[in-house]
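Okay, so here's the structure we're looking at.
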Amino acid sequence: MSHSIAILSRQMTQLLWNLTFMKAKVLVMMIIVITFSHANNTWDNWIRFDENYLLQWSVKDADITFEMQVRTHGYVGFGLSRDGTIYGADVFISWIDDGHMFFYDCHIKTHTQTSEPVVDTSQDYELLSGSENSTHTILRFRRKLNTCDDKSDVPITNDTMNIIFLYTDEKPKRGQFRSDNSPNLSHAILQIRSLLLLQRSPNLISNSNKTFEMFEIRNDMSNVTSHGLLKWCHSFRNKLTNHHIVRYESIFSSLESKNFINFMRIYECKSQLSDLRNADDVNDECSERLKLERKCFTTIAIWTKGSDGFTYPDDVGYPLDSTESDNFLLEIHYQDIPKEFQDSSGFRIFHTSERRKFDAGTIAMNIRPNFLHIIAPGYKRVVSIGHCTSNCTQKAFPVDGLNIFGITMQTHSAGTMVKINLVRNGEELEPLAQDSNLNSNYIETRLLNNSRKLYPGDHLMVECTYNSYKRERFTLGGESSNEEICMANIMYYPRQEQLVACNSQSKISDVLRALGIEELGKNWNQTVITKPDRYAGRTLEKHLELYDWKNEFFTFERIIKTSAFDGYCNSAFVATRISGTPAVITKPYRPPDSFCTSPRSNKQTNDDDANENSIEDDKSKEVRSPSTLLQQTSNNECNQATVSIFVLMAIIRVFIV
């Protein structure tokens, strides 16, 4: 009997052990499944507008999903501005009151003195979840990129978007949203920030479990002073071999530095220090002669106003190899410094010895910034075009082509639009990139959603549109803030060194012809017009001031656009000048028709409607409890949760049987 009891006891112990082990395995599998399901719920992008407002978002197909976390228990808001002001903006207003959620898709009238939100006839923002904790209001919501409601909603495009964020501790009385009780925007923390929503470079380096190395390239200038534009260069020795740059970001030694710096760039220089007669570190004003002597033609990194830096895609990195290039050149542009101050700004470079699949390269494109680039005054649309000719690309690009993954486009304050055009065998293809709402104070490198190809013989154009309507004086090309530029920086793989910079400028003979000048001469130390007689004795600057831009502008523009130009094809080692002509386009590009073929009758909003800002409590007003809201997740999240449950049930069934 005692022997049987002992056997039974051992069997029971083994059974309990098996059950315990089985439960442990089930628990582990549950953790794995839950972790996997939540890992796919990460956000593609995020930005912290201030210390109290975090916005995260992801784009999928024609939808964009946001989550906002705001340190307040009052009302919160998010929106899109058409012109950088609150007027005509597309906004939503939301708050939680006594366990109920209020969420309204609104707009601000274009002509209003009160900035009062007006509820849209059609509610196009879809609330997915909402809750409060001890400190924050947290909302997740979704909308179509293009709602086809042109009157009340702002389409979300690849252009620079003007984002509105607002919040306050105030809540509307009685939890209602009516014309006599709407949130008071004048009491809110309200700001408008420019942002790329669809082609934004990630803020952080992915694969964060890896440890990346870091070094800094900083200015070594103890005192800075300038009454105009000052371009300062500092050299830096590269001692790394077989590494990849994975991210770069700006460093400012002070807020004062950031305010007075317009632009920063790092060049990779191909002259080995041992080959230079003066191999000492450079710490002096920049000059084209200095760059030419050191063969500094290849751009590694750029910073422009508003940029957060750039993170390379996971399979791409910029190669660092001291055996091929043992020095860099940092160039910083300072503008209108009122007093002398110390500066050591520059870049922070993240790199790794674990080489990635592809070596990245860059091609700088621009209209050469000099007096031959002339922008006429008094016009809302003045177009200038820089060329990278097929002669340059034919000799430089590999037969298999280059894969473009990122582009930076830049003008100064008069610029409103930049477009990178591509012509192949006479056919104008879809632009590589464009921005129709350019903001010179926010120039960010954008990652393309889908890589594009460049092949030998392609003709590239950087097309810049300027608004000079309020300017009474002409504007010339130049790197100072009161001059204009037209430039782009193309990032691609696999790297080649036969073409790292490609730009153009008008021939001076054609500029003079467009201005009606037949001959120039010297008068003392000044260049003056000698023919035709009606302009004789004028300097070129005086002629541009007196020129009849109102009647002669279109003739001037036609001559500049259609005439031959001087092109420059720079390899990593040498600068080459060629003569170029505009591309012959036999098949122009035609943008696809909009899917919004007709106005949506249910989305018409009339600013004159007397009761449009009122929503009756017992009809269309959205009142939801947080518990109900938390169930209203997106279809993807629901499907993902369903799959996870079925997987868990299957695991449990397998282990229990």
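The values are calculated or read from the model by the stated rules, or taken from the named source; none is laboratory data. Bear in mind the structure is a predicted one, so any value in this text is a computation, not a measurement. Cβ placement follows ideal geometry from the backbone for every residue including glycine, while neighbour counts extend to all protein chains displayed. When the accessible area is computed, the model is the full protein with side chains, heavy atoms only, and any ligands, DNA or RNA have been set aside. Shrake-Rupley method; radii C 1.70, N 1.55, O 1.52, S 1.80 Å.
Observations, loosely collected:
- Selection status of Thr298, hydroxyl-bearing (Ser, Thr, Tyr) and touching a Lys or Arg at 6+ places or on another chain (Cβ under 8 Å): yes
- Of all the residues in segment 395-411, those that are open to solvent by 30 Å² or more (accessible area, probe 1.4 Å) and touching a residue at least 40 places away in the same chain (Cβ under 8 Å) number 3.
- Criterion applied to Arg356, Arg348 was being assigned to a loop (DSSP other than H, G, I, E, B), in contact (Cβ under 8 Å) with a residue 12 or more places away in the chain and either open to solvent by 10 Å² or more (accessible area, probe 1.4 Å) or among the aliphatic types (A, V, I, L, M) (or both), and the one residue passing it is Arg356.
- Residues in segment 336-345 that are assigned to a strand (DSSP E or B) and either modelled with pLDDT of 95 or more or surrounded by fewer than 18 Cβ atoms within 10 Å (Cβ to Cβ) (or both): Asp336, Pro338, Lys339, Glu340, Phe341, Gln342.
- Qualifying residue in segment 436-458 (condition: out of contact with any Ser or Thr (no Cβ under 9 Å at 6 or more places or on another chain), modelled with pLDDT of 95 or more and not in a strand (DSSP E or B)): no
- Screening Arg237, Arg294, Arg247, Arg277 for residues that are of a type in the set (Lys, Arg) and modelled with pLDDT of 95 or more leaves exactly one candidate, Arg247.
- 2 or more residues farther than 30 Å from Leu195 by Cβ and not acidic (Asp, Glu): qualifying strands (runs of 3 or more DSSP E) within segment 259-322: 296-304, 316-321
- Test result for Phe212, surrounded by fewer than 19 Cβ atoms within 10 Å (Cβ to Cβ), hydrophobic (A, V, I, L, M, F, W, C) and modelled with pLDDT of 90 or more: yes
- Number of positions in segment 55-85 that are of a type in the set (S, T, N, Q), within 19 Å of His107 (Cβ to Cβ) and open to solvent by less than 10 Å² (accessible area, probe 1.4 Å): 1
- Residue satisfying all of: in segment 214-258; assigned to a strand (DSSP E or B) and among the basic types (Lys, Arg); farthest from Glu288 (Cα to Cα) among these: Arg247
- Restricting segment 69-100 to residues that are assigned to a loop (DSSP other than H, G, I, E, B) and of a type in the set (Ser, Thr, Tyr), the residue that is farthest from Thr160 (Cα to Cα): Thr72
- For the criterion of being under 24 Å from Arg48 (Cβ atoms) and open to solvent by 60 Å² or more (accessible area, probe 1.4 Å), Asp315 fails.
- Scanning segment 220-233 for residues that are open to solvent by less than 20 Å² (accessible area, probe 1.4 Å), out of contact with any His (no Cβ under 8 Å at 6 or more places or on another chain) and within 22 Å of Lys339 (Cβ to Cβ) turns up Val224, Ser226.
- Answer residue from segment 455-504, given it is acidic (Asp, Glu) and closer than 30 Å to Val399 by Cα and is least open to solvent (accessible area, probe 1.4 Å) among those: Asp458
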